[in-house]
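Here's the structure we're looking at; comments come further down.
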Amino acid sequence: MNAVALAGVVASLLALSLLAASLLRARRESARFAVLDRIATASDRADDLGETLGAICDVLVPQIADLCMIDVISEDGKLERAATAVSQRGGKEARDFLSRRLPSTPRRMLADGEEASLEPRFIERMGEGDLRELAHDEEDLASLRGLGVRSAVTAALRARGRMIGTVTLGTAWSRRRYRRHDARFARVLSGRVALALDNAGLFSDLERAQRERAEIAATLQRGLLPPPLPEIPGWAAAAMYRPAGAENEVGGDFYDAFPIAGGWMLVIGDVTGRGAHAASVTAQARYTLRTAAWLSGDPLVALATLNSALLARSDTALCSVVALALSSDTREPVRLAVAGHLPPLLVDGDSVSEVAEAGPVLGAFGDARWNLERAALSPGQQLVAVTDGVTEAGGPSERFGESRLRAELAGCASPAISVRKLEGALDVFAEGPLEDDAAALALTPAA
């Protein structure tokens with residue numbers, strides 16, 4: 001091949017190389033614009049601050065990052081973790097660690113008005129020195145090492161001239177590594193994230209209003225915590241209530257005990273939903289059942305009255321209930337009615353069996369009917385009722401389930417033992433906070 005031909009080949013290869021690089025940059029930029037557009041769309045669709053931040057993290061993981069954290073500055077000036085996302089390969093352990101970890105943000109980013117604060121912190125190749133700089137202590141350092149982060153970028157979130165937080169992106173399990181152009185994009189990205197949040201007003205009036213509503217809801221919910229069971233002459237009873245996690249102090253599960261003509265009525269129930277709405281329905285359910293039972297002494301009347309009250313609400317409100325009417329004469333059978341709830345279990349030594357059938361859930365049908373059942377109890381026999389937060393409690397690979405529930409109750413000699421054993425079994429099985437509230441109620445004639 002002569003020199004002219006060789007030069008032509010080299011020129012063609014160079015042209016192809018430049019074209020390929022150009023196409024690669026075009027595809028990369030197109031993908032990044034798509035990410036920015038998805039962030040705007042996710043912000044528009046979100047209803048509150050937490051949902052907005054979570055939606056943004058979900059857009060960035062795994063397309064841009066293997067892990068993403070958004071931190072916001074609270075009213076007292078502290079930087080707090082507000083949202084976290086981790087790719088599936090990272091797993092729950094990594095997500096939990098990053099969710100609860102204190103931010104490690106450069107001080108320069110928190111200095112309002114400094115141009116240097118706008119420059120992202122870019123770590124192209126995460127080394128031991130970088131990890132030590134980021135770590136709060138030796139335990140934190142060990143956990144950071146375990147993540148195996150390869151690259152990381154932290155960019156400031158600024159809106160209307162003030163610092164409102166940071167967004168951190170990292171790569172680990174995908175084996176990707178950030179380059180300088182990724183750090184530049186992080187700055188553009190942070191501007192879009194901050195703009196989306198500021199346009200939504202989520203860091204001003206809306207955030208304050210949400211916090212005030214949350215405080216009102218928490219106060220209302222605390223007032224609805226199930227009270228200790230009173231002394232019931234002739235009967236021994238025990239109860240358990242476990243809320244689902246620390247942030248949701250009280251949800252829709254409840255139990256109650258109150259005197260009626262000729263005896264007592266015990267109820268246990270579950271309201272659909274969470275938060276303030278569930279709390280309001282729970283309050284209505286408890287006090288409607290109390291009033292109707294006090295006036296009638298009849299479980300069926302109590303259920304029918306609550307059903308009518310729920311149907312009269314302007315919103316959808318469903319409630320499942322077990323109502324147990326106890327006579328002051330313990331030789332009389334327990335009268336009970338079940339509405340959309342797990343039927344009570346009769347525990348007789350190693351034998352555990354259902355004693356009733358469930359009728360329709362309350363709040364769904366105007367013409368609903370329920371059966372009045374009777375269960376004669378001898379000393380040593382128990383009735384145990386639980387909400388579905390017990391049977392539906394999640395473990396490492398399965399639900400707690402009714403079979404496990406019966407196995408735990410078999411052989412229990414008293415209501416106190418039944419409740420204590422059930423609560424311990426849930427702790428061991430769930431290995432952490434429950435996904436849903438759980439309640440249990442057990443009773444037996446006093447010996």
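Each value in this text was obtained by applying a stated rule to the coordinates, not by laboratory testing. As the structure is a computational prediction, the values presented were derived from the model and not from experiment. Heads up, the Cβs are rebuilt from the backbone with ideal geometry, glycines too, and the neighbour counts pull from every protein chain shown.
Values computed for the structure shown
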{"item": "Stretchable slack from ARG101 to ALA31, in nm (0.36 nm times residue separation minus alpha-carbon distance)", "result": "22.1 nm"}
{"item": "For segment 223-445, projected area of the alpha-carbon convex hull averaged over all directions, nm²", "result": "11.3 nm²"}
{"item": "Ratio Rg/Rh, restricted to segment 301-341 and using Cα atoms, in which Rh is the Kirkwood radius", "result": "1.13"}
{"item": "Rounded to the nearest 20 debye, dipole of segment 28-205 from Cβ charges on Lys, Arg, Asp, Glu", "result": "900 debye"}
{"item": "Estimated FRET transfer efficiency when R0 is 56 angstrom, pair SER351-ARG145 (beta carbons, to 0.05)", "result": "0.55"}
{"item": "Nitroxide proxy distance, nm - points 7 Å out along Cα→Cβ at SER414 and LYS78", "result": "4.4 nm"}
{"item": "Segment 115-154 versus segment 255-317: alpha-carbon centroid distance in Å", "result": "54 Å"}
{"item": "Cα-based equivalent ellipsoid, segment 28-205: semi-axes from gyration tensor eigenvalues, Å", "result": "23, 19, 16"}
{"item": "At R0 = 25 Å, FRET efficiency that the Cβ-Cβ distance of GLU93 and ARG38 yields, to 0.05", "result": "0.35"}
{"item": "Alpha carbon Rg of segment 406-447, scaled by the compact-globule rule 2.2 N^0.38 Å", "result": "1.27"}
{"item": "Gain in span if fully extended, ARG160 to LEU295, counting 0.36 nm per residue against the direct Cα distance", "result": "42.4 nm"}
{"item": "Gained length - GLU332 relative to HIS136, 0.36 nm times residue gap less alpha-carbon distance", "result": "64.1 nm"}
{"item": "For ALA410, residues with placed amide H under 5 Å, excluding near neighbours", "result": "none"}
{"item": "Sites TYR287 and GLU51 - FRET efficiency at Förster radius 25 Å, r taken between beta-carbons, to 0.05", "result": "0.15"}
{"item": "Vicinal HN-Hα couplings computed from phi for segment 49-58 (Karplus, 6.51 cos²θ - 1.76 cosθ + 1.60; Hz; Gly/Pro x)", "result": "4, x, 5, 5, 5, x, 5, 5, 4, 5"}
{"item": "Estimated vicinal HN-Hα couplings, Hz - segment 325-339 in sequence order (Karplus 6.51, -1.76, 1.60; Gly, Pro = x)", "result": "9, 9, 8, 5, 8, 5, 6, 6, x, 6, 8, 9, 9, 10, 10"}
{"item": "Residues of segment 370-410 with amide N under 15 Å of a point placed 7 Å along Cα→Cβ from GLU435", "result": "388-402"}
{"item": "Mean projection area, nm², convex hull over Cα of segment 319-371", "result": "4.4 nm²"}
{"item": "Phi to ³J(HN,Hα) by Karplus 6.51 cos²θ - 1.76 cosθ + 1.60 over segment 100-109, Hz, x for Gly, Pro", "result": "9, 6, 5, x, 10, 9, x, 4, 4, 6"}
